[in-house]
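One structure is given below, encoded as structure tokens.
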Amino acid sequence: MELLKLQNLKMYYGTLRGDVRAVDDISFTMEKKDTVGLAGESGCGKTSAMLAILRLQPPNAKVSGEILFQGKNLLKMSDSEFRKNIRWKKISTIFQGAMNALHPTLRVGDQITEAILAHESRSKQEATEIAGKLFDLVGIGSERLDRYSHELSGGMKQRTMIAMSLACNPELIIADEPTTALDVIIEAQVLKVMKELQEKLGLSMIVISHDLSMIAETCNKAAIMYAGKIVEFGGIVKVFTEPLHPYTQKLIAAFPSILGSMRELASISGFPPDLLSPPPACRFHPRCPYAMNICRKEEPRYIEADQNRYVACHLVSR
Amino acid sequence: MGFREYLAKRIIVSFLVIFLVATLNFLIFIVYPADPTRYLLDPQLARTPGLVDVIRDQYGLNEPLHVKYVKYLGNMFSFGILPPHFGYSFQTHDFVANEMAWRMPLTILLLGLALVGNVIIGIPLGIFAASRRGTKTDVAVIGAGLFTYGVPTFFVQLLMILFFISFVYQTYGIKIFPAGGWISYPNPEGLINVMGDILWHMALPALTLVVAGFAGWALYTRNMLVDALTQDYVATARAKGLSERTILFKHAFKSIHPQVATLLTLSLPGLVTGAIITETIFGLEGVGKWYLSSLDRSNPDFPVVQAVLFVVATLVVVCNLVADLLYGVLDPRIRVGQRR
Amino acid sequence: MNNESVMKISNLKKYFPIKVGFIKSLASKEIPAVRAVDDISFDIRKEEIFGLVGESGCGKTTTGRLTIRLLEPTEGSVFFEGKDLAVVPNDVMRKLRQKLQIVFQDPYESLNPRMSVFDIISEPLHIQNITASEEQTRDRVHKVMEEMGLVPPEEFLYRFPHEISGGQRQRVAIARAFVLGPEFIVADEPVSMLDASIRTQVLKLIKKLVKQFHVSFLYITHDIATSRHMCNRLAVMYLGKIVEMGPTESVIKNPFHHYTDALIAAVPVPDPTARRIEVVIKGEVPSAFNPPPGCRFHTRCPRAQDICKKEEPELIDLEKERYVACHFPLGK
Amino acid sequence: MKLKSPISEYRVQLWTRRIKNFWLDYSHNKIGLVGLVIIVGFVFTAVTSPWLAPYSVEEVRPDALKYNADGYAVPAWYPIFFPATANYPPQHELKLNWSMAAGELPQSLTANGSGRSFRVYYDANITGSSDPVEAVFVSKFEYPYKYMRIFEMQFTYNPRPESFVEIRRFIAGKWRVIGTTGSMLWKIEFELVRPDNATFPFWDNNWERNKYVNPHALPDFSDDATGDTITLISSDRTLPPKLGYEAWETSLMTAHLFLKPGEYLVRAKITFKPPDDIPVEEAAGSIEISNFDVEIRGRIHGLLGTDAFGHDVWSQLLHGAAISLLFGISSAAIAVSLGILVGVTAGFVGGAVDEVMMRIVDILLCIPVLPILLVLIAVFGYSLWYLVLIIAIFGWQGLSRVIRSHVLSLREMAFVECATASGASKGYIILKHIVPNVLPTALASMVLSVPGAIILEAALSFLGFGDPLAPTWGKMLQNAYAFGAFSPTNLALWDILPPGIAIVLICMGFVFLGHAIDEVVNPRLRRRR
């Protein structure tokens, strides 16, 4: 069964100079136990998409389209229903930069139990026990429940966030750049914890990152975003080994690998567009080496190129 | 450096500050050229040989500087408990402490009422505005706060007098507030009546201080809260499905507690300033008015000025110390020495 | 590239004293210090990009600053053109600075927001006072901007840093470093703040400049995968020490030190089909304020023995320019 | 490709662009524009006040003796809102002419002159009668107002027996002139005639005489009654009793005297008669009466009425603008300079210097300023410029903290290290990198600290610790408060509200301006991407 289905999701930020089209008509579907990687460069709208799913968008954002979660449209839900039934209980998150995502003057344990108490009718003691188990699970140790966040190291904070995201046994976890700002070895440790939990608990996740390597390691599906649009979506192996969209091709080739033989790194000429006035038609055409006339005139449709492979490019649709 | 060591350092510094203030306080009146005997005495009598010296002796004005200084320090640091109780007032020819003893409670009452009023109106209003960021309520609070910044308190007080006293009372005869002073004449009978009467007289002055100040408090609180509300941990709390109330009070407001404590201490100097003007305008016989009249050009009363300055400085320093303590309790992160 | 060395660093140390309470400082005689860089030696050759990798807090950035004397070393020497930069008088150092430059990680911080691109790039010329006329200044700024791909220069001259994109800023920062015609440049994570699609542009620019102007780079990074593409030789730092050093490809393919091994194993790979061996070491980097005795890595090393806790291993030449500081090197 | 223009031209372009960009950003800020308009308005007022104000500073200072109108005269537009004030008299300063009353003059009198001064000659010899004769002079003025409170009348009389009678004796069959003499008794009565012909005598002198003159000697006038200028003010002690009122009933009295609009008549009746002790034929002389001025103290005056001393409020308000602006800006500028100096020094030098400076700032921050200022003023003096200095000295602490922390972060910025790496000296870095980056903050903070200084000065003036000679708004409020503007009889809103509102307005102007500048100029608030 489909766990989450985005249909024509749009999110525009109203600014004085016009609408910034941060997310412009994206669609994808994920099943239970899927781990979808949402990849793209900074400012491509991946974090905005996450905020839209969590309904945490800033007040100047306009969201349209459909977000179907287990068949229910999240955007049509009332605030209180969404808050009580979906947030954390069904969909939880691991935020970017755990040092800021944890409250500075509340004990980390309390921050977890508070989430449990908000959604489940349990006693304070039970909640503390659950939190302790979660801490053991992510490898921090339940004895650290009464610490403040500033007393934990960066890796431990990130683990705390992971433990917190598991507090109410959610159906879906959205992780926004979960390992950015961590050192390589700590990052590997955290990723290992995430992968283990994924296997053990059968989690469904959306992982948002600018780092394709990280997505390659953790996900089974990947969505590549460029300038507010998903340009390619599909199974992780297919997307990485046989990329269809020129942007995906270039982006993957731009990532250096520590394994295998040395290869030339690809570069993409030009700069990412301003989402206030993105290029017309295909948004990638000014930087695309294969740009044709039609690319400048017509926006490519987002089509199913293969089974469960979606792409938006004139090269493919022709 | 531990918190305890830090606190010990603060206490030592505080004591030094008080000492420094006391010394400056002494020096400034050495610099002042006027001779108090000039206005202590009837000009006729001043010609009487020896009388000036007698008076000067009585007030300890003939002693050498260092003796004066030591005596002065003794006077000050005994805090009015040991004689001669902050020295003799030139005006009343009595111990300064005796008069301060009944004036001080009046001032503390006034400032206490004003502070409590500001806090219980301003802070909730600020929270309310922050929770409604971007709405008209919020804009109104911001506007009022900015407005407060540009409006002299004494002008607000004059306007209130104009309205409540000149119009409502004196023109239309409706006596909501008394016309001035701190107690009715003749004095009411019985302790409770007296207390009530004093409170009634305090009401309008305190109210004016609240009116002139609450919007500033609201704006500060609002700004700090809005800052806190845009922090990532608030987004976390929201994503956790906590109610807006919990987010606002448990998460956002809790994180600004230390700043509120700081704000409280920083508002003290302003309050003291407010006392002088308010008491003068409303004719309250508190320390502020007393202080101002003691600075009268033709008839200055130095011992009073010195005593008041010293007591105020001590109070402010002590309050700052308390705030430091509070800060350490409220913020587990306390990074020593990096307050504010 | 030849083997002539441009810069030779030997036994370099940098300790940062820590502020302690007055009472405590009376109690202990020794002034406690963070040993950011603790006795390291290496040399950088002409036209070489020398990579310095390690996790945050390992002392690589401090090393970079020490090499061009942005920090005063506690001990040791930095030889450049036969002079020890650690002890040369200030006026000589001032002249030498023409040949030593630095490019920083964050292009948002390394450009003064109140200065225009022209002012930023021409600033070193003013400081060193080497152009005779305004025209000369102008021409040199123009030339260097063209080299950096900031064309046409007129379009950028008037702009302020916040008006140009991240990639362009980093080019401006590099232009600024190149305007004096340097011989040695410290590049402190020059691309880590840039997007993947821009990153390669800048990396290629640096490689081009090395060839064209015969400069040497000290390339500081935490990203070992990128350093593989950039550096001729690599030194791996851990807690203020160099634990391994050698030609890049050789170090990556065949690490001798357990830390290097773990570091390489931890790097994610942009290839879902690759199944790499998971050697995830436990724990986090200990504090540099009180580093472990003996081999500093022994607290986390999977093969630590008693000797590792007591005796500090020397950095020795194991084979063909491959230096390692380990009692039990991998594969030996 | 080559840059075509020389670098100096490039600089001009850069600055033009900077200013243009600043203005583009600024002009989007509505509050900022409002603030700008307010401040420009006040600056304009301050610059033009010497020409714009109806009265000069010296004319409206509390120590100025001349009245512009009655104390607490209402503004001219008041009757629109308060019809009761409709018939209030404006300031009248009439220079009236005398004329003879209708009817024949007695034979023994001749009058001479016109308008401002008249002279009456008396010669009893003509009729030989010893009966008193009288001359009546009148002066008229139209008075269409009501509710007069104070008036002032002034006239001069001058008995001058310059025409005297020849003393003739019948000697040797013919009249011979044997000497000259002139002597008379005279009296002036002064009365006001209301339009309804009710007459109120309100001044007279007793009979006076000029001296007998020795027939054989030259006239000697040394003991003569001399002339006098009589000033009659309605509040004179003597005037109300004469008219049957108590001394404190002055305004009642004037209201009664000037009851109805219409033509008022002032009558001066001069009576002559020969003294008893000389022959009738020898009685002669003259009196000159001149300069009849009537001042009716206006109860309605100008744009904003008058203050307690009868001085024009509008003029004071205009003159106050210059002082407030000058005061606020100069003390803020000095304070900000100190703040930059301390902040940059503490932040850049660091170490013990920083520690000591910040401790001092800590102490100064928690000291209540006003009590200290009061002592300092009491001890050292009340001059305005002195006030500027001490307010500035107590106004830089907050900014120096902000600047210090800013400098601390700037010092660690990569671009500073870049400059160092290029061989820049510390001085260069401070001047080229640190100061330009803190200046915008300092500028905004300077603008924002102007209101504080203005309010502090107003408060000090209000407490009577301001410059006694400067017409500041705080002083206006003090005078209003101290001299009865709040009493229900006066309720001089025009004297209370304008200075207060002016303070509020100018402060708001600076607050708005400062906030807008802060928003525009502070890169923290600029979006990074």
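The values are calculated or read from the model by the stated rules, or taken from the named source; none is laboratory data. The structure displayed is predicted, hence computed values, not measured ones. So basically every Cβ, Gly included, is an ideal-geometry build from the backbone, and we count neighbours across all protein chains shown. We work out accessible area using only protein heavy atoms, side chains counted, and drop any ligands, DNA or RNA first. Shrake-Rupley method; radii C 1.70, N 1.55, O 1.52, S 1.80 Å.
In the stretch C:63-80 there is no residue matching the filter, namely being within 14 Å of chain A (Cβ to nearest Cβ), charged (D, E, K, R) and part of a helix (DSSP H, G or I). Only a single criterion out of (1) open to solvent by less than 10 Å² (accessible area, probe 1.4 Å); (2) at the interface with another protein chain (Cβ under 10 Å from one of its Cβ atoms); (3) hydrophobic (A, V, I, L, M, F, W, C) is not satisfied by D:Ile455, namely (1). Taking helices (runs of 4 or more DSSP H) as the structural unit, those lying wholly within the stretch D:374-455 and holding at least 1 residues that are under 22 Å from B:Thr153 (Cβ atoms) correspond to D:384-393, D:397-411. Taking the stretch D:25-82 as the region of interest, the helices (runs of 4 or more DSSP H) fully inside it that hold 1 or more residues being farther than 30 Å from D:Val447 by Cβ are D:57-60, D:78-81. Does D:Val511 satisfy the criteria of being in a helix (DSSP H, G or I) and at pLDDT 90 or above? So D:Val511 passes the test.
Considering only residues in the stretch B:1-26 that are open to solvent by 40 Å² or more (accessible area, probe 1.4 Å) and modelled with pLDDT of 85 or more, the one that is farthest from the other protein chains (Cβ to nearest Cβ) turns out to be B:Ile11.
Filtering the stretch D:484-492 for residues that are more than 8 Å from chain B (Cβ to nearest Cβ), surrounded by fewer than 24 Cβ atoms within 10 Å (Cβ to Cβ), over 24 Å from B:Leu162 (Cβ atoms) and polar (S, T, N, Q) leaves an empty set. For the stretch D:181-211, taking the residues that are modelled with pLDDT under 80 and open to solvent by 30 Å² or more (accessible area, probe 1.4 Å), the one that is nearest to D:Asp293 (Cα to Cα) is identified as D:Arg209. Residues of the stretch A:72-113 that are within 7 Å of chain B (Cβ to nearest Cβ), in a helix (DSSP H, G or I) and without any contact (Cβ under 8 Å) to a residue 60 or more places away in the chain: A:Arg83, A:Lys84, A:Asn100.
Within the stretch C:135-161, the residues that satisfy the criterion of being part of a helix (DSSP H, G or I), in contact (Cβ under 8 Å) with a residue 24 or more places away in the chain and away from chain A (no Cβ under 14 Å) are C:Arg140, C:Val141, C:Val144, C:Met145, C:Glu147, C:Leu157, C:Pro161.
Note on the stretch B:155-194: residues that are without any contact (Cβ under 8 Å) to a residue 12 or more places away in the chain and under 14 Å from B:Gly283 (Cβ atoms) total 1. The set of residues in the stretch C:44-81 that are open to solvent by less than 30 Å² (accessible area, probe 1.4 Å), among the acidic types (Asp, Glu) and in contact with a strand residue (DSSP E or B) (Cβ under 7 Å, 6 or more places away or on another chain) contains only C:Glu48. Counting the residues of the stretch D:373-390 that are within 13 Å of chain B (Cβ to nearest Cβ) and either surrounded by fewer than 22 Cβ atoms within 10 Å (Cβ to Cβ) or within 29 Å of the chain's Cα centre (by Cα) (or both) gives 10. Look at (1) within 9 Å of chain D (Cβ to nearest Cβ); (2) in a loop (DSSP other than H, G, I, E, B) and you find that C:Ala177 fails only one, number (2). Selection of the stretch B:145-154 for residues being within 16 Å of D:Leu497 (Cα to Cα) and open to solvent by 10 Å² or more (accessible area, probe 1.4 Å) yields B:Val151, B:Thr153.
When every residue of the stretch B:290-306 is checked against the conditions, none turns out to be under 22 Å from B:Thr221 (Cα atoms), at the interface with another protein chain (Cβ under 8 Å from one of its Cβ atoms) and charged (D, E, K, R). Within the stretch B:120-144, the residues that satisfy the criterion of being surrounded by 14 or more Cβ atoms within 10 Å (Cβ to Cβ) and of a type in the set (D, E, K, R) are B:Arg132, B:Arg133, B:Asp138. Among the conditions (1) closer than 28 Å to A:Ala118 by Cα; (2) open to solvent by 10 Å² or more (accessible area, probe 1.4 Å), B:Leu292 misses just one, which is (1).
Selection within the stretch C:287-306: residues that are more than 19 Å from C:Asp261 (Cβ to Cβ) and out of contact with any helix residue (DSSP H, G or I) (no Cβ under 8 Å at 6 or more places or on another chain). The member of this set that is nearest to the other protein chains (Cβ to nearest Cβ) is C:Ser287.
Can you confirm whether A:Ala222 is under 23 Å from A:Asp176 (Cβ atoms), in contact with a helix residue (DSSP H, G or I) (Cβ under 7 Å, 6 or more places away or on another chain) and without any contact (Cβ under 8 Å) to a residue 60 or more places away in the chain? So A:Ala222 fails the test. The residue that is farthest from the other protein chains (Cβ to nearest Cβ), among those in the stretch B:248-265 that are in contact with a Leu (Cβ under 8 Å, 6 or more places away or on another chain) and either more than 14 Å from B:Gly126 (Cβ to Cβ) or open to solvent by less than 10 Å² (accessible area, probe 1.4 Å) (or both), is B:Ala261.
Residues checked against (1) out of contact with any strand residue (DSSP E or B) (no Cβ under 8 Å at 6 or more places or on another chain); (2) open to solvent by 10 Å² or more (accessible area, probe 1.4 Å); (3) free of Cβ contacts under 8 Å to residues at least 60 places away in the same chain:
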residue	(1), (2), (3)
C:His229	yes, yes, yes
C:Asn232	no, yes, no
C:Met237	no, no, no
C:Lys241	no, yes, no
C:Thr248	no, no, no
C:Asn254	yes, yes, no
C:Tyr259	no, no, yes
C:Ala262	yes, no, yes
C:Ala265	yes, yes, yes
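Residues in the stretch C:180-200 that are acidic (Asp, Glu) and either part of a loop (DSSP other than H, G, I, E, B) or at positive phi (or both): C:Glu183, C:Glu189, C:Asp195. Annotation: of all residues in the stretch A:114-128 being out of contact with any helix residue (DSSP H, G or I) (no Cβ under 7 Å at 6 or more places or on another chain) and part of a loop (DSSP other than H, G, I, E, B), the one that is nearest to the other protein chains (Cβ to nearest Cβ) is A:Glu120. Hey, can you tell me all the residues within the stretch A:153-208 that are open to solvent by less than 10 Å² (accessible area, probe 1.4 Å), out of contact with any helix residue (DSSP H, G or I) (no Cβ under 6 Å at 6 or more places or on another chain) and of a type in the set (Gly, Ala, Ser)? Hits for the stretch A:153-208 are A:Ser165, A:Ala175, A:Ser204. What do you reckon, is A:Ala227 open to solvent by 20 Å² or more (accessible area, probe 1.4 Å) and touching a residue at least 60 places away in the same chain (Cβ under 8 Å)? For A:Ala227, the condition - open to solvent by 20 Å² or more (accessible area, probe 1.4 Å) and touching a residue at least 60 places away in the same chain (Cβ under 8 Å) - is not met.
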